[in-house]
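The values are calculated or read from the model by the stated rules, or taken from the named source; none is laboratory data. Quick caveat, the model's predicted, so the values are computed rather than measured. Cβ placement follows ideal geometry from the backbone for every residue including glycine, while neighbour counts extend to all protein chains displayed. The protein model used for the area step is the full one, side chains on, heavy atoms only, and it has no ligands, DNA or RNA in it. Shrake-Rupley method; radii C 1.70, N 1.55, O 1.52, S 1.80 Å.
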Amino acid sequence: MIIKSMEKDRKISELTDYPDSNYVFPGVEVKGGISYLLWDNNHNDKCKVTTIRGNDISGPHERYLDDFDILVRDSRAVKILNKVLSINSTSITTILSVDKEFGWTSNFDGFNKNEINGYIPLYYIKKADRRVGWIEREKIFKSPNLVDTYKVLIPKAGSDGGKKIPDIVLGKPMTVKTPSVCTQSFLFFYLDTEEKAISLEKYLRTKFFRFLVSLRKMTQDATKSSYQWVPIQDFTSNSDIDWNKSIDEINNILYQKYNLTSEDISYIEKMIKPMKS
């Protein structure tokens, strides 16, 4: 994978990118994949970018490598991303927690395993199992303002970062009622009504949402930055999106809203797996 300091270098005339290092070095895992490039002292223009995932080859496409704050690996995705960002620049991250929002790491165990009346549910993951503990409100010292919000929890660890085609990208989301807290095992979106939380979970399950996350998610972990390019929506009944519809129907509405062509849609559909209930 190309490093940040090289993205502004106009003397890179060609770049060939393998998101999955196994296609270059079988049996060797290199986080972020493998790239090789041609640096030409006489070149001072766009770079010809080719992305190879097994038998799927994209390019070469001429473009600047620093169009965004990180390199978008596949040029077919650049066209889609530009359409999305041109319509709504407000990011979903405005309602997304940070890492360890409540201050607890994934191995935190200072809670009760059995339900106690008046205690707050604490969601965590242990040995790949999602579990619930219980903790006194008085022990929640960080971000107490977010305790009494409706949340859509999303595991911080998801897929391998887009090496496989198609990919699910993210772990399964889970809507929880107020009050609630969680450990570092989860990030979460926070909202003021259950209606909005249920609508947001449907949005998260769409291929449209997960495709945009995949453009920034290079490893198993999905950090807050991974969601930067996902536009926020109106999650109420007054929205231009009917959140009562099925996930597939909502997905198609989003394709239309952001003026995606049949070619754009085919690419997303090829890249992203349906998310099981």
What is the extension gain from Ala157 to Lys273, computed as 0.36 nm multiplied by their sequence separation minus the C-alpha to C-alpha distance, in nm to one decimal? 40.1 nm
Jot down the radius of gyration and Dmax of the chain, Cα atoms only, both in angstrom. 20.5, 72
Using the Kirkwood formula over every pair of different C-alpha atoms, what hydrodynamic radius in Å results for segment 70-122? 15.6
Quick one: of Lys79/Lys273; Lys126/Lys207; Lys217/Lys276; Lys46/Lys156; Lys142/Lys207; Lys139/Lys202, which pairs are farther than 24 Å apart, Cα to Cα? Lys126/Lys207; Lys46/Lys156; Lys142/Lys207; Lys139/Lys202
For segment 51-139, what are the per-bin percents of Cα-Cα distances with bins 5 Å wide, up to the bin holding the maximum? 3, 10, 14, 13, 10, 7, 9, 11, 10, 8, 4, 1, 0
Expected unfolding gain across Asn238-Ser89 under the 0.36 nm per residue rule, minus the alpha-carbon gap, is 51.6 nm
Take the chain, connect every pair of alpha-carbon atoms lying under 10 Å apart with a spring to form a Gaussian network, then pick out the residue of Tyr36, Tyr258, Tyr267 with the largest mean-square fluctuation. Tyr36
When averaged across all projection directions, what area in nm² does the alpha-carbon convex hull of segment 221-277 cover? 5.1
Between Thr193 and Asp67, Cβ-based FRET efficiency (R0 41 Å, step 0.05) works out to 0.65
Could you work out [θ]222 nm for the chain from helices alone, using -39500 (n - 2.57) per DSSP H run of at least four and dividing by all its residues? Round to the nearest 500 deg cm²/dmol. -6000 deg cm²/dmol
So what J values fall out for segment 230-245 if you push phi through Karplus, 6.51 cos²θ - 1.76 cosθ + 1.60 with θ = phi - 60°, rounded to Hz, Gly and Pro as x? 7, x, 6, 10, 7, 9, 8, 5, 8, 5, 6, 10, 7, 6, 7, 6
Provide the packing ranking of 201-211, 101-111, 127-137, i.e. peptides ordered by the mean count of other C-beta atoms within 10 Å per residue, highest first. 201-211, 101-111, 127-137
Heavy-atom accessible area of Val213, protein chains in place, probe 1.4 angstrom, given in Å² to nearest 10, is 0
Taking every C-alpha to C-alpha distance in segment 1-121 and binning by 5 Å from 0, the per-bin percentages run 2, 9, 14, 15, 13, 12, 9, 8, 6, 6, 4, 2, 1, 0, 0
Cα convex hull of segment 176-238: how many Å³ per residue? 94
For segment 62-198, convex hull volume per residue from C-alpha positions, Å³: 145
